[in-house]
Amino acid sequence: MAYDRYVAICKPLHYGTLLGSRTCVHMAAAAWSSGFLCSLFHTANTFSIPLCHGNALNQFFCEISQILKLSCSHAYLREVGLIIFSIFVALGCFLFIMLSYVQIFRAVLWIPSEQGRHKAFSTCLPHLAVVSLFVGTAMFAYLKPPSISSKSLNLVVAVLYSVVPPAVNPLIYSMRNQELKETLWKLAQWVLFHQQ
C-alpha cells in the first residue's frame with residue numbers, strides 16, 4: 001500500500017511501469033513468504049518445547065510469548081531468536097513504509113493547491129494510522145517489561161494488534177466512498193432521533 005501510494009503521488013506518470021503486475025507479484029510473494037517463515041518458526045518452536053505448567057493460556061488465542069511462559073525449560077534463546085527474526089522482518093517492512101511516507105509527504109507539501117494536498121493526505125493517512133496502530137501495539141506487547149504485565153492488559157493489547165487493524169481496514173478504506181458516508185450519516189441521525 002505504501003509503495004502504491006508513493007508511486008501514485010511521487011511518480012504518477014511512471015505508475016504503469018513501476019507498479020506493473022510483475023512488481024505486485026514480487027511484493028506479494030515477499031510479504032507472504034516472510035509471514036510464512038515467521039509463522040513456521042513460531043510453530044516449530046511451539047511444538048518443540050516441553051510444557052510443564054499445564055496447557056491453559058490466559059489468552060483467547062495461542063501466542064508464542066504466552067506459550068513460552070508454560071515451558072519447563074528456559075527457552076530464552078529460542079525466544080530471543082524468534083523475537084530478533086520477527087523484529088528484523090517487521091522493522092524492514094516498517095522502514096520501507098516510513099521511507100515511502102516521508103517521500104510522499106515531501107511531495108505533497110509541494111502541491112500548490114490546498115484541495116490537492118487534502119486529497120493526497122486523505123488517501124495516505126488511513127493506511128498510516130492502521131499501520132501505526134498495529135506496529136505500536138505489537139511492539140508494546142512484545143517489548144514491554146514484565147513488571148507492567150497483567151492478564152487484562154495482555155488481552156487488551158493482543159486484541160488491539162490482532163483484531164482491530166483487520167476489522168477497521170474495510171471501514172477506513174471505504175470511508176472515501178460517498179454513498180457509505182451518506183448511509184452512515186443517515187444512520188447516525190436516525191439513532192440520535194430515536195434516542196430522544
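Nothing in this text is a laboratory measurement; each read-out follows from the coordinates by a stated rule. From a predicted model like this one, the values you see are computed outputs, not experimental measurements. Counting neighbours? That spans all protein chains shown, and the Cβs are built from the backbone with ideal geometry, glycine included.
Among 100, 132, 71, the order by Cβ neighbours within 10 angstrom, fewest to most, reads 132, 71, 100. Note on residue 15 and residue 144: their simple-model spin labels are 4.1 nm apart, each label 7 Å out from Cα toward Cβ.
For the chain, the convex hull spanned by the alpha carbon atoms encloses 180 Å³ per residue.
Going by how many other beta carbons lie within 10 Å of each one, how would you line up 22, 117, 78, fewest first? Working shown, then result.
Values: 22 8, 117 15, 78 20.
Ranked by crowding around the Cβ, least crowded first: 22, 117, 78.
A convex hull fitted to the Cα coordinates of segment 134-190 yields 95 cubic angstrom per residue.
Under a point spin-label approximation (7 Å from Cα along Cα-to-Cβ), what is the residue 151-residue 28 distance to one decimal in nm? For the pair residue 151/residue 28, the computed spacing is 4.3 nm. Here's how it looks for residue 51: its modeled amide H is under 5 Å from those of 72, which are all 5 or more places away or on a different chain.
Taking chymotrypsin sites (Phe, Trp or Tyr not before Pro) in DSSP loop conformation with at most 13 other Cβ atoms inside 10 Å as exposed sites, the chain has its longest uninterrupted site-free stretch at 111-196. Working from label points 7 Å from Cα in the Cα-to-Cβ sense, the residue 83 to residue 44 distance is 2.1 nm. The calculated 222 nm mean residue ellipticity attributable to helices in the chain amounts to -26000 deg cm²/dmol, summing -39500 (n - 2.57) over DSSP H runs of n ≥ 4 and dividing by all residues.
Screening the chain for whole DSSP H helices with an alpha carbon extent of at least 15 angstrom along the helix axis and a mean Kyte-Doolittle hydropathy of at least -1.0 yields 21-48, 76-109, 114-143, 151-162, 164-174, 178-195.
Residue separation times 0.36 nm, minus the C-alpha to C-alpha distance between residue 188 and residue 102: what's the value?
On the way: separation 86, 0.36 × 86 = 30.96 nm, distance 3.60 nm.
In short, 27.4 nm is gained.
Calculate the tail of P(r) for segment 107-164: the fraction of all Cα-Cα distances greater than 20 Å, expressed in %.
When all Cα pairs of segment 107-164 are counted, 46 percent exceed 20 Å.
Rounded to the nearest 20 debye, the dipole size of the chain about its Cα centre is 240 debye, using +1 on the Cβ of Lys and Arg and -1 on the Cβ of Asp and Glu.
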